[in-house]
Amino acid sequence: MRAAVFEGPGRGLALRELPTPHPGPGEVLVRVAACGICHTDLHFLDHGVPTAKAPPIVLGHEASGTIESVGEGVASPRVGDRVLLPAVYGCGRCRFCRTGRENLCSSLAFFGSSVDGAFATHLLAPAHVPVPLPEGVPLEESAIVADAVSTPFHAVRNRARVRPGETVAVFGCGGVGMNVVQCAALAGGRVIAIDIDAQKLALAVELGAERTIDATVESDLPRAVRRRTDGGADVAFEAIGKPKTIRQACESLRRGGRLCVVGYCAEEVALPAQRLMFHELEVFGSLGCPTSEYAPLLELVRAGRVRIVPLVSAKVPLDRIEAGFERMRRGEGLRTLVVS
Ligand SMILES: [Zn+2]
Ligand SMILES: [Zn+2]
């Protein structure tokens, strides 16, 4: 098989021919159709964030494909099935996995970090991991459901529990933030999208944002949110992962508001404890998406209620994966798919 191998920080990706793995008992081999390029990959490549397993490792954790072969004892999925591969998966045995919170599994596996990922023609996975795709959902574009759509879906539905009529401020409209906009609007939230990119803000409106704030124009974002919401947002999402924006998101809340942190941030963040107490603010995080959420989400995708096609801004073949990363470094587009 052909694969883009990460050999260590600052060394880029090397295209290599590797032996195609054979599925062992309880495993399946997936022929990868597409894999989205995510900021997490850029953290590994450019910013020194270590992969869970030391390099060399194949990156890529937002994949779709078809089942090419199955190992001994695997009854489903079957050869030829169209599937998506959730970015992370649990062991299936621990207390979190057995209570529907596989995303908190104590031995969570992460494609393209703890095990080989999908910037390759083939990918090995435990048989319980692939999620079948409904009829009518496009195979390549479905890749982005595996992370960029499912992570926001869980954050909006299960963590922040956005209710109809609530005001929702979304800080950052990249791959994840844009889908927070989309999912929060679908839940009945009145969404204010905040970003520095006018094109992204225009797409946010198309996907359900009622209002936008251009962060290159507004210097005081919490004040700008408070002005547009009668004293502050009911819910704020931070989908960037920067201390400054996490603080701004917190400061944009009204009394009794909720802050949901979806962006990955390695640094510590100082929050106004006095406001947390006097205003009964809630602050919580959200990680990935439990397995049980994929079926209802894919049903919304199939019905056209959650849109995925407008979110894919480019497709590049595996051999030109570097061009895809260059687009992301330049901040171009929303999601680039690597197709094999
Ligand atoms: Zn990701
Ligand atoms: Zn587990």
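The values are calculated or read from the model by the stated rules, or taken from the named source; none is laboratory data. Model, not experiment: these values are computed from the prediction. As a convention, Cβ positions derive from the backbone with ideal geometry for all residues, glycine included, and neighbour counts pool all protein chains shown.
Of the residues contained in segment 247-256, one or more are found to be touching a Lys or Arg at 6+ places or on another chain (Cβ under 7 Å) and either modelled with pLDDT of 95 or more or part of a helix (DSSP H, G or I) (or both). When the criteria are applied in full, residue 231 fails the requirement of being surrounded by 15 or more Cβ atoms within 10 Å (Cβ to Cβ) and outside any helix (DSSP H, G or I). Taken together, the residues in segment 33-52 that are away from ligand 1 (no atom under 16 Å from the Cβ) and at pLDDT 95 or above amount to 1. Within segment 257-278, the set of residues being touching a Cys at 6+ places or on another chain (Cβ under 6 Å) and in a loop (DSSP other than H, G, I, E, B) comprises just one member, 271.
Applying a threshold of 7 Å to beta carbon distances and a minimum spacing of six or more residues, or different chains, the list of pairs starting in segment 122-150 at a residue that is assigned to a loop (DSSP other than H, G, I, E, B) and ending at one that is of a type in the set (D, E, K, R) and within 12 Å of ligand 1 (Cβ to nearest atom) reads 147/62; 148/62; 148/335.
Taken together, 90, 65 contain a single residue that is closer than 24 Å to residue 289 by Cβ, surrounded by 13 or more Cβ atoms within 10 Å (Cβ to Cβ) and either within 16 Å of ligand 2 (Cβ to nearest atom) or free of Cβ contacts under 8 Å to residues at least 24 places away in the same chain (or both), which is 90. For segment 286-309, the candidate set comprises residues that are outside any loop (DSSP other than H, G, I, E, B) and surrounded by 14 or more Cβ atoms within 10 Å (Cβ to Cβ); within that set, the residue that is modelled with the lowest pLDDT is 291. Scanning segment 53-102 for residues that are within 16 Å of ligand 1 (Cβ to nearest atom) and within 24 Å of residue 153 (Cβ to Cβ) yields 59, 60, 61, 62, 63, 64, 84, 85, 86, 87, 88, 89.
If you go through segment 103-120 one residue at a time, do you hit one that is closer than 29 Å to residue 340 by Cα, within 16 Å of ligand 2 (Cβ to nearest atom) and in a helix (DSSP H, G or I)? Checked segment 103-120: at least one residue is closer than 29 Å to residue 340 by Cα, within 16 Å of ligand 2 (Cβ to nearest atom) and in a helix (DSSP H, G or I). Taking segment 49-82 as the range and being small (Gly, Ala, Ser), in a loop (DSSP other than H, G, I, E, B) and over 20 Å from the mean Cα position of the chain (by Cα) as the test, the residues that pass are 54, 71, 73, 75, 76, 80. Considering segment 114-158, and only residues there that are farther than 12 Å from residue 288 by Cβ and hydroxyl-bearing (Ser, Thr, Tyr), the residue that is farthest from ligand 1 (Cβ to nearest atom) turns out to be 121. One residue alone among 229, 245 is touching a residue at least 24 places away in the same chain (Cβ under 8 Å) and touching a Ser or Thr at 6+ places or on another chain (Cβ under 7 Å), and that residue is 229.
A search for C-beta distances below 6 Å between a residue of segment 293-320 that is touching a residue at least 12 places away in the same chain (Cβ under 8 Å) and assigned by TED's automatic domain parsing to the domain that holds residue 63 and any residue that is part of a helix (DSSP H, G or I) and of a type in the set (D, E, K, R), counting only pairs 6+ apart in sequence or on different chains, returns 308/141; 309/141; 312/141.
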